[in-house]
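The values are calculated or read from the model by the stated rules, or taken from the named source; none is laboratory data. Here the structure is a predicted model, which means the values were calculated and not measured. Glycine gets a Cβ as well: all are built from the backbone with ideal geometry, and neighbour counts include every protein chain shown. With ligands, DNA and RNA removed, areas are computed over all heavy atoms of the protein, side chains included. Shrake-Rupley method; radii C 1.70, N 1.55, O 1.52, S 1.80 Å.
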Amino acid sequence: MPGLDEKLQLIYDTVLRRNPGEKEFHQAVHEVLDSLRPVVTKHPEYADAAVITRLCEPERQIIFRVPWVDDAGQVQMNRGFRVQFNSALGPFKGGMRFHPSVYLGIIKFLGFEQIFKNSLTGMPIGGAKGGSDFDPKGRSDGEVMRFCQSLMTELYRNIGEYTDVPAGDIGVGGREIGYLFGQYKRMTNRYESGVLTGKGLTWGGSQVRREATGYGTAFFVNEMLKTRGESFDGKTVVVSGSGNVAIYAIEKVQELGGTVIACSDSGGYVVDEKGIDLDLVKEIKTERRGRISEYAEARGGAAEFISGRTVWEVACDVALPSATQNELTADDAVMLVKNGCRAVGEGANMPTTPDGIKVFNDAGVLFAPGKAANAGGVATSALEMQQNASRDSWSFEYTENRLAEIMRNIHDRCAETADEYGAPGNYVAGANIAGFIRVADAMLALGVV
Ligand code: GLU
């Protein structure tokens, strides 16, 4: 990785020393520190109050045992995490991820990114993340329920409407939030709707929350395209993943006139030159909890499944990495650029490696980093919290308009901040600096805490 400014390098060295082996966390911190060089020069007051040093250390980290009994009567044991990173702007806020790859370094990278993302939304929410190395794949509803209940039996004492508000992420959707909320309600004897977001519509959830991350990513990329006098209309789009983010990114891109020709899962990808049949993807992925290879089987000769390869080898105008971290490498970026890709929007968190981002920047590709492009999910979670606080529920149309406006504002703030700090067109710098300044100013105001 390229060198940092001297003061920032000292902070980074401390992060490396304090968090050994947590390479995803190191990567996330390095990217932000790299963007902050012009900020520390212009604003010495942040260094004087050790704001950056404090930002890199979570306010609280909780690790706990999650024992549960599987359908065969065997006792299983997983590890649960909640990293409460920063609460200067509001209660800790961020999703829970259930995936076998989860360890402290993943949760810390996600929690760190969440601080800046949540700040960029302009809403009153701090940054956090949690999860478990539990693998929901192939588990029955009963097993998932018992796991969620066990996890919440420990987590409940650490969260609350004014303290920390978890939500979903990879492996945690409406079903899991339901089981978690049910157990929280039982443990506390309170119907505290604002303690979790991503709830179902009949029990305190918000319209558009399910769609929000994917829709928001499409809105953001649409704003970027507008700066070059373009739109999704007539564009060929490739999306990685086929989970919640990917599905609703595809839906909105299609509404905006683009043609999504490929999507994927961990087994490989499908190409459907006429355009992905989204109802079929939804049926396979959300109803059957199946594999994307089933899509090609169902479409007969119209679509092809390519096993074990990445979707980035498919030529496209726009790429939306919406699966997981570090899924798009420098080699993939070179291939995309060579095939004519002109815009990239990160639906997932940190899906592009640092070298990959450099390839896009050098080639003049519009690049929207996840903390800006996928902020629509958490922003709509904040709208859900607003509705819960006022015991109200808004219409789909009203909520979607609020989301679109928030995404436009995030886009404009990133673009203006990049200009102001001498990096025009660099949305990574714009997002990191704009996100940082709002949190840093709040931390200065709150004193040394
Ligand atoms: N997991 C989502 C994210 O990465 C949403 C978090 C939330 O709604 O709190 O931003």
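Listing for the model above:
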{"read-out": "Residues of the range 261-279 satisfying the condition of being assigned to a helix (DSSP H, G or I) and in contact with a helix residue (DSSP H, G or I) (Cβ under 6 Å, 6 or more places away or on another chain)", "value": "L278"}
{"read-out": "Residue in the range 91-114 that is more than 10 Å from the ligand (Cβ to nearest atom), without any contact (Cβ under 8 Å) to a residue 60 or more places away in the chain and assigned to a strand (DSSP E or B) present", "value": "no"}
{"read-out": "Qualifying residue in the range 55-73 (condition: within 13 Å of the ligand (Cβ to nearest atom), assigned to a helix (DSSP H, G or I) and not small (G, A, S))", "value": "no"}
{"read-out": "Within the range 123-138, considering residues that are open to solvent by less than 10 Å² (accessible area, probe 1.4 Å) and closer than 17 Å to I62 by Cα, the one farthest from the ligand (Cβ to nearest atom)", "value": "F134"}
{"read-out": "The lone exception for I52 - which of (1) open to solvent by less than 40 Å² (accessible area, probe 1.4 Å); (2) within 22 Å of M443 (Cβ to Cβ); (3) assigned to a strand (DSSP E or B) it fails", "value": "(3)"}
{"read-out": "Listing of helices (runs of 4 or more DSSP H) fully contained in the range 1-44 that carry 3 or more residues being more than 23 Å from the chain's Cα centre (by Cα) and free of Cβ contacts under 8 Å to residues at least 12 places away in the same chain", "value": "6-18"}
{"read-out": "Pairs with Cβ under 6 Å, 6+ apart, first in the range 369-389 and farther than 14 Å from F219 by Cβ, second in a helix (DSSP H, G or I) and of a type in the set (V, I, T)", "value": "P369/V428"}
{"read-out": "Residues of the range 347-396 classified as on the phi > 0 side of the Ramachandran plot and either away from the ligand (no atom under 16 Å from the Cβ) or open to solvent by 40 Å² or more (accessible area, probe 1.4 Å) (or both), total", "value": "2"}
{"read-out": "Filter result for G178 (of a type outside the set (A, V, I, L, M, F, W, C) and closer than 27 Å to S35 by Cα)", "value": "no"}
{"read-out": "Residues located in the range 160-175, provided they are open to solvent by 10 Å² or more (accessible area, probe 1.4 Å) and either farther than 20 Å from G127 by Cα or touching a helix residue (DSSP H, G or I) at 6+ places or on another chain (Cβ under 7 Å) (or both)", "value": "E161, G168, G173, G174, R175"}
{"read-out": "Test: residue in the range 225-245 that is of a type outside the set (S, T, N, Q), under 23 Å from P100 (Cα atoms) and in a helix (DSSP H, G or I)", "value": "yes"}
{"read-out": "Lone unmet requirement of (1) assigned to a loop (DSSP other than H, G, I, E, B); (2) open to solvent by 40 Å² or more (accessible area, probe 1.4 Å); (3) not hydrophobic (A, V, I, L, M, F, W, C) for R157", "value": "(1)"}
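Quick grid of which residues meet (1) modelled with pLDDT under 95; (2) open to solvent by 30 Å² or more (accessible area, probe 1.4 Å); (3) more than 26 Å from S390 (Cβ to Cβ):
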residue: I177; (1), (2), (3): no, no, no
residue: T227; (1), (2), (3): no, yes, yes
residue: V239; (1), (2), (3): no, no, yes
residue: E283; (1), (2), (3): no, yes, yes
